Amino acid sequence: MAVITQGLRLETNGDSDLIDITQEVAKGVSDSGVSSGAVTIFIPGSTAGVTTIEYESGAIRDYQEAIERIAPKDIGYHHDARWGDGNGYSHVRAALQGASLTVPFTSSRLLLGTWQQIIFVDFDTRPRSREIILQIMGE
């Protein structure tokens with residue numbers, strides 16, 4: 001059993017920026033030399049998350065509009081009252097989204113559906129340089 005940990009770096013626009021990271025994750029798995037197992041994608045930080053979606057403009061817009069309905073920017077957040085940084089909604093959105101995702105693979109190929117891509121979502125209020133951790137486990 002091998003366990004390999006890799007990092008990815010992204011530059012984001014913030015404000016619910018969705019970035020397709022499928023190819024980067026697939027390359028990490030392929031480069032690892034592990035042929036069958038699972039890769040965990042983990043986002044360190046409390047204002048970003050990871051999930052899967054069909055990465056096309058309609059689904060992206062639907063996702064962004066849904067997240068705005070669930071945790072709107074223009075309401076009061078206790079976090080903002082305490083810290084004054086205006087990103088309370090970012091923390092709530094990230095908590096609801098989740099900081100990790102696990103994808104199985106075989107023959108060094110991710111077992112994703114035909115229209116399923118892995119996306120990183122930056123909920124923060126400003127552009128950021130983000131780290132993503134890949135932990136690849138298998139044989």
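The values are calculated or read from the model by the stated rules, or taken from the named source; none is laboratory data. Predicted model only: the values in this text are computed from it and were never measured. Glycine gets a Cβ as well: all are built from the backbone with ideal geometry, and neighbour counts include every protein chain shown.
Figures for the structure shown
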quantity: Answer residue from segment 63-78, given it is over 15 Å from Thr125 (Cβ atoms) and either within 20 Å of the chain's Cα centre (by Cα) or aliphatic (A, V, I, L, M) (or both) and is surrounded by the most Cβ atoms within 10 Å (Cβ to Cβ) among those; calculated: Tyr63
quantity: Search result, residues across segment 101-125 that are loosely packed, with under 14 Cβ neighbours inside 10 Å and either modelled with pLDDT under 95 or not charged (D, E, K, R) (or both); calculated: Thr102, Pro104, Thr106, Ser107, Leu111, Gly113, Thr114, Trp115
quantity: Close pairs (6 angstrom Cβ cut-off, 6 or more residues apart or separate chains): polar (S, T, N, Q) in segment 20-32, surrounded by 14 or more Cβ atoms within 10 Å (Cβ to Cβ) anywhere; calculated: Thr22/Gln117; Thr22/Ile118; Ser30/Ser108; Ser32/Ile4; Ser32/Ile136
quantity: Residues that are of a type in the set (S, T, N, Q) and closer than 19 Å to Pro72 by Cα, drawn from segment 91-139; calculated: Gln97, Thr125
quantity: Of all residues in segment 22-39 being surrounded by 20 or more Cβ atoms within 10 Å (Cβ to Cβ) and aliphatic (A, V, I, L, M), the one that is nearest to Ile53 (Cα to Cα); calculated: Val25
quantity: Of residues in segment 79-100 being of a type in the set (A, V, I, L, M) and within 19 Å of Ile67 (Cα to Cα), the one surrounded by the fewest Cβ atoms within 10 Å (Cβ to Cβ); calculated: Leu96
quantity: Set Ala66, Ala48, Ala59, Ala95: member being under 18 Å from Leu8 (Cβ atoms), at pLDDT 95 or above and not hydroxyl-bearing (Ser, Thr, Tyr); calculated: Ala48
